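The values are calculated or read from the model by the stated rules, or taken from the named source; none is laboratory data. Quick caveat: nothing in here was measured; it's all calculated off a predicted structure. Neighbour counts are summed over all protein chains in view; Cβ atoms, including those assigned to glycine, are modelled from backbone coordinates with ideal geometry. For accessibility, only protein heavy atoms count, side chains too; no ligands or nucleic acids. Shrake-Rupley method; radii C 1.70, N 1.55, O 1.52, S 1.80 Å.
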Amino acid sequence: MRIDILSAVPNLLQGPFSESIVGRARKAGVVEVEVHDIRRWTTDKHGKIDDTPFGGGAGMVMAIQPIVDAIADLQSQRDYDEVIYLTPDGQRLEQSTVNQLSLSGNLLMLCGHYKGIDQRIRDHVITREISIGDYVLSGGELAAAVLADAIVRLIPGAIGDGESALTDSFQDGLLAPPVYTRPADWDGRQVPEVLLGGNHAAIEEWRMQEALERTKRLRPDLLDEA
Ligand code: 6GU
């Protein structure tokens, strides 16, 4: 898979894609992630990438020219399955969307800034609009990092233990069960007996019960959906 990200603040995205699972997946050639500075495409002599809103009002709008030229340039090099705009008024991200996007070949992500982008780009160029929750970030970069991370960890080869992404919270509509490690007795607090016994059927049954109980208690809305 390849992920191209268009940003007005590309340096924000260096850290999240250099470490951990995404960093390793890039080094292993499982995924290519390229972050592009939108300024590279502006024809404005002062390097501007924003403009004033028609009709007046506070705040600036991202200029059309650099965005449209950047997307056209990237699209001339490869076909994108989706051109995604990260914006707080997009569709709220869920695991089902991440799963679907993880099957893509090429994804293009545009990080929103200021008051956003001209509505005509949203109507005619963008194929999907995503928000990562009902709160406002200073720009779409951190949201793009969240989205890319969630996608990349599902690509075969990104995670060493092939099973572990399948047992993530939300993959079966439930929160993940609790986990424990050594010591089995920590200042008198014991690890649940069943986990020490080596009865794998009993352990699986216990984990399912715990996942259900935890979901009922913390996220009953997930059970209503299922
Ligand atoms: Cl995608 N962008 C911004 N600026 N804020 C957000 C968001 C995106 N998702 C949630 N809040």
Please work out if THR97 is in contact (Cβ under 8 Å) with a residue 24 or more places away in the chain, within 14 Å of the ligand (Cβ to nearest atom) and part of a helix (DSSP H, G or I).
yes
Can you tell me which residue within region 160-174, out of those that are acidic (Asp, Glu) and closer than 25 Å to ARG219 by Cα, is nearest to the ligand (Cβ to nearest atom)?
ASP168
Taking the criterion of being crowded, with 19+ Cβ neighbours inside 10 Å, out of contact with any Asp or Glu (no Cβ under 6 Å at 6 or more places or on another chain) and under 22 Å from ALA25 (Cβ atoms), would at least one residue in region 47-67 satisfy it?
no
GLN171: passes all of (1) at pLDDT 95 or above; (2) part of a loop (DSSP other than H, G, I, E, B); (3) not aliphatic (A, V, I, L, M) but (1)
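Listed here are the residues, each with its yes/no results for (1) within 24 Å of ALA165 (Cβ to Cβ); (2) among the basic types (Lys, Arg); (3) surrounded by 13 or more Cβ atoms within 10 Å (Cβ to Cβ); (4) modelled with pLDDT of 95 or more.
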{"position": "VAL191", "(1), (2), (3), (4)": "no, no, yes, yes"}
{"position": "GLU204", "(1), (2), (3), (4)": "yes, no, no, yes"}
{"position": "ARG214", "(1), (2), (3), (4)": "yes, yes, yes, yes"}
{"position": "ASP221", "(1), (2), (3), (4)": "yes, no, no, yes"}
Residue count, region 142-159 (criterion: within 16 Å of the ligand (Cβ to nearest atom) and open to solvent by less than 20 Å² (accessible area, probe 1.4 Å)):
6
Of everything in region 105-155, what is more than 11 Å from the chain's Cα centre (by Cα) and of a type in the set (Asp, Glu)? Give them in sequence order.
ASP118, ASP123, GLU129, ASP134
Determine the pairs where a residue that is part of a loop (DSSP other than H, G, I, E, B), located within region 100-113, has a partner that is more than 14 Å from the ligand (Cβ to nearest atom) with Cβ atoms under 7 Å apart, the partner being 6 or more residues away or on another chain.
SER102/ILE151; SER102/LEU154; SER102/ILE155; SER104/MET1; SER104/ASP81; SER104/GLU82; GLY105/MET1; GLY105/ASP81
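One residue is enough: does region 117-138 have a residue meeting the conditions assigned by TED's automatic domain parsing to the domain that holds ASP50, among the acidic types (Asp, Glu), in contact (Cβ under 8 Å) with a residue 40 or more places away in the chain and more than 12 Å from the ligand (Cβ to nearest atom)?
Yes: one or more hits.
Every residue, every condition in (1) on the phi > 0 side of the Ramachandran plot; (2) at pLDDT below 95; (3) part of a strand (DSSP E or B), yes or no:
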{"residue": "ARG39", "(1), (2), (3)": "no, no, no"}
{"residue": "ASP44", "(1), (2), (3)": "no, no, no"}
{"residue": "PHE54", "(1), (2), (3)": "no, no, no"}
{"residue": "GLY57", "(1), (2), (3)": "yes, no, no"}
{"residue": "VAL68", "(1), (2), (3)": "no, no, no"}
{"residue": "LEU74", "(1), (2), (3)": "no, no, no"}
{"residue": "ASP79", "(1), (2), (3)": "no, no, no"}
{"residue": "PRO88", "(1), (2), (3)": "no, no, yes"}
Give me the pairs: first residue in region 48-59 and closer than 15 Å to ARG120 by Cβ, second residue part of a strand (DSSP E or B) and not acidic (Asp, Glu), beta-carbon distance under 7 Å, and six or more apart or on different chains, which are they?
ASP51/VAL61; PRO53/VAL61
Taking the residues in region 68-78 that are over 21 Å from the mean Cα position of the chain (by Cα) and in contact (Cβ under 8 Å) with a residue 60 or more places away in the chain as candidates, determine which candidate is most open to solvent (accessible area, probe 1.4 Å).
ARG78
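Within region 64-94, track down each residue that is within 16 Å of the ligand (Cβ to nearest atom) and among the hydrophobic types (A, V, I, L, M, F, W, C).
Correct list: ILE67, VAL83, ILE84, LEU86, LEU93.
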Could you say which residue among ASP37, ASP81 is open to solvent by 20 Å² or more (accessible area, probe 1.4 Å) and farther than 18 Å from GLY105 by Cβ?
ASP37
